[in-house]
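**Student:** Starting off with a structure, shown below.
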Amino acid sequence: MKRRLEGKVAIVTGGGSGIGEAISKKFAAEGASVVVCGLPSDPVRKVVDEIQASGGKAIGYLGDVSIEDSAEACVQLALDDFGKLDILINNAGVFPATAELDKYPVEAFEYMIKNNIYTAFMMSRAALPHLQKTKGNIVSAGSEAGQMGSPMITPYGGTKAWVMTFSRGLAVEQAKHGVRVNCVGPGPIDTAWTHKETGPMDSKMEKNTVNGVPLGRRGTPEEVANVYLFLASDEASYVTGATYFVDGGVTLSKSLSGEEVPAHLKQQPAGDLHLNHGKEGHAKIRKEATGTMTV
Ligand SMILES: NC(=O)c1ccc[n+]([C@@H]2O[C@H](COP(=O)([O-])OP(=O)(O)OC[C@H]3O[C@@H](n4cnc5c(N)ncnc54)[C@H](O)[C@@H]3O)[C@@H](O)[C@H]2O)c1
């Protein structure tokens, strides 16, 4: 059977760890030649070696792709080594802090603007002329937090909302060139970010984050990579401007925030109207005459 990305060339930003590692390995296993892109301190070299050791094609690019020259050099590496570019995966991102907004470090906000927003802008901008030639596609990392907003990480959610809205606009703009653009919206995934030992969540936030998921657990990086694979492949030829949530249902169900509100703030306001029928509404099937009546 033909592999699903046979003959394709893909760049995966943030490909050295977490979800990006899974995307890089999944794509290579499905026949793509992969440029695994990451910051100099990321384990990019190891991911490339592991892909090659299992018979796949990969090369590493170490650089900060929020910077224009570096993004262009990353795209150029794909062209020089593999001859073309079919797929750009904008997966790079950071999650540096959790705090209520009045205490949220300005530095962490700026860090996210740079690494979550500039990366997607610079890479998409550099890649588009080449994706137009191959009728390729872009898939970017949105988030459940970008759709709904999330307490304690409000600026992070905002950066992901930017990615998701940017992608929708780009999908419409680039359709005439034959380029598709989509997003994946992960819920809490089993990477460094969602464990108190390795990320900025404390134990309470970690517990609520996982317990808020209807499926009752974190997703795995591979489960997320499966959806990237579909969207990046020709099987998704009629899918553009979409966000596919891979979130265990959490975007729909988010529901634990009320537990945090102290009792004195839970009092309902008394109001001024004299309301007597508040509990007499239509809450079960009724057998009554149809028609119009005036009383
Ligand atoms: N883990 C989750 O629960 C979760 C949930 C929703 C969305 N996401 C999104 O998925 C993506 C991957 O998250 P992850 O959990 O695998 O995190 P991760 O930290 O393991 O992977 C992100 C990688 O991107 C790299 N990176 C950051 N800025 C870069 C830059 N300027 N240039 C090059 N590389 C850069 C990082 O160094 C890191 O290796 C992120 O965009 C994130 O917003 C993750």
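**Student:** Using θ = phi - 60° and the Karplus form 6.51 cos²θ - 1.76 cosθ + 1.60, what ³J(HN,Hα) does each residue of segment 167-182 get, whole Hz, x for Gly and Pro?
**Tutor:** Here the 3J(HN,Hα) series is 5, 5, x, 5, 4, 6, 4, 8, 4, 5, 9, x, 9, 8, 9, 9 Hz.
**Student:** I'd like the Karplus ³J(HN,Hα) series for segment 232-249: coefficients 6.51, -1.76, 1.60, θ = phi - 60°, whole numbers in Hz, and an x wherever there's a Gly or Pro.
**Tutor:** Taking θ as phi minus 60°, the curve returns 7, 8, 5, 4, 9, 4, 10, 10, 8, x, 9, 10, 9, 7, 10, 9, x, x Hz for segment 232-249.
**Student:** Describe numerically, in nm with one decimal, the distance between label points set 7 Å from Cα along Cα→Cβ at Glu222 and at Met1.
**Tutor:** For Glu222 paired with Met1, the spin-label model returns 1.6 nm.
**Student:** Still on this structure, I have one more. Tell me, in nm to one decimal, what length is gained between Thr198 and Thr134 on full extension, where the rule is 0.36 nm per residue of separation less the Cα-Cα distance?
**Tutor:** Extra length available between Thr198 and Thr134 comes to 19.1 nm.
**Student:** Just grab the label-to-label distance for Phe230 and Gln76, each label 7 Å out from Cα along the Cβ direction, in nm (one decimal).
**Tutor:** With each label point 7 Å from Cα toward Cβ, the separation is 3.8 nm.
**Student:** Hey, how many Å between the Cα centroid of segment 222-241 and the Cα centroid of segment 135-162?
**Tutor:** After rounding, the separation between the Cα centres reads 18 Å.
**Student:** Between Arg125 and Val239, what is 0.36 nm times their sequence separation minus the Cα-Cα distance? Round to one decimal in nm.
**Tutor:** Between Arg125 and Val239, full extension yields 39.0 nm more.
**Student:** To the nearest 0.05, how large is the calculated FRET efficiency for Lys207 and Val106 if R₀ is 22 Å and r is the Cβ-Cβ distance?
**Tutor:** The formula returns an efficiency of 0.20 here.
Here, each number is a calculation from the coordinates, and none is a lab measurement. The model shown is predicted, which means the values in this text are computed figures rather than measured ones. Note that we place each Cβ from the backbone using ideal geometry, even for glycine, and neighbour counts take in every protein chain shown.
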